[in-house]
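The values are calculated or read from the model by the stated rules, or taken from the named source; none is laboratory data. A quick note: this is a predicted structure, and the numbers were derived from the prediction, not measured. With ideal geometry, Cβ positions are generated from the backbone for all residues, glycine too; neighbour counts draw on all protein chains shown. These area figures cover heavy atoms from the full protein model, side chains too; ligands, DNA and RNA do not enter into them. Shrake-Rupley method; radii C 1.70, N 1.55, O 1.52, S 1.80 Å.
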Amino acid sequence: RNCTGWATLPIVGATWNHDVQTRFGEMYGEDALYASIPIAYAPGADTLRSPYSGRTSEYFSEDGVLSYYAAKAVSHGMRNKGLIGTVKHFFLNEQEAGRQGISTFANEQAIREIYMRAFEGSLAEGDSLGVMTAYNRVGITQDNAHTGLMKNILRNEWGCDGMVITDNVLTQYVNGPDGVLAGVSI
């Protein structure tokens, strides 16, 4: 069934209103009920690193704190209606064209304070039951196979026991076996 075309996430984030953001998630959940969809690969919580990323309409903001609260509120609204959300693309997904295999670099402080913040809101404190990885490498390690991110931060620090799904394993840029060892579920 066709569903409603909602406002883009930068507009939802720009409301700065957590009640509106929660209601947005609930309406998203209502649409999922209507369409018999139990799980959504949403919301897009990555941080906008460039206006040319190709996903600017799917991510809340370039501000990690704003994205933290917006992703948390939208995920909560989705769960209120029984919709399982998997926030995406975990993380540092900064371009669409040629995104497979690109290496993205940032220091640990920036990663924790800016780029992982939105995911932390919906996964550690919110109602999201999963996360979708990205195609890129973080440094030289494929995102889905990065044990520092998947096991140490996501699972151990944040206590996330939801599913971790790869964006697609049918490419040379997603390492299935190493991803499973790092904590990828499907």
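Key figures
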quantity: About the Cα centre, charge dipole magnitude for the chain (Lys/Arg +1, Asp/Glu -1 at Cβ), debye; calculated: 220 debye
quantity: Prolate/oblate/rounded call for segment 1-115, Cα gyration tensor, a/c under 1.5 rounded; calculated: prolate
quantity: Among 43, 60, 21 the positive-end extreme of the charge dipole of the chain (Cβ point charges); calculated: 43
quantity: Positive minus negative residues near residue 174 (Lys, Arg vs Asp, Glu; Cβ under 9 Å); calculated: -2
quantity: Given charges at beta-carbon only (K, R positive; D, E negative), |dipole| of segment 88-167 in Debye; calculated: 220 debye
quantity: Accessible area per residue in Å² at 1.4 Å probe, computed on the chain; calculated: 47 Å²
quantity: Cα centroid separation - segment 69-104 against segment 125-186, whole Å; calculated: 12 Å
quantity: Phi-based couplings in Hz for segment 83-98 (Karplus 6.51, -1.76, 1.60; Gly and Pro marked x); calculated: 7, 7, x, 10, 5, 9, 9, 6, 8, 6, 6, 10, 8, 9, 6, x
quantity: Apportionment of accessible area to carbon and sulfur, segment 57-155, percent (1.4 Å); calculated: 46 percent
quantity: Listed peptides 25-35, 59-69, 107-117 by packing density, highest first (mean Cβ within 10 Å); calculated: 59-69, 25-35, 107-117
quantity: Proximal charge balance of residue 134 [Cβ under 14 Å; K/R count +1, D/E count -1]; calculated: -1
quantity: Other-chain or far-sequence residues with amide H under 5 Å of residue 132's (modelled H); calculated: 87, 88, 90, 165
quantity: Three-way shape label, segment 34-186, alpha-carbon gyration tensor, a/c 1.5; calculated: rounded
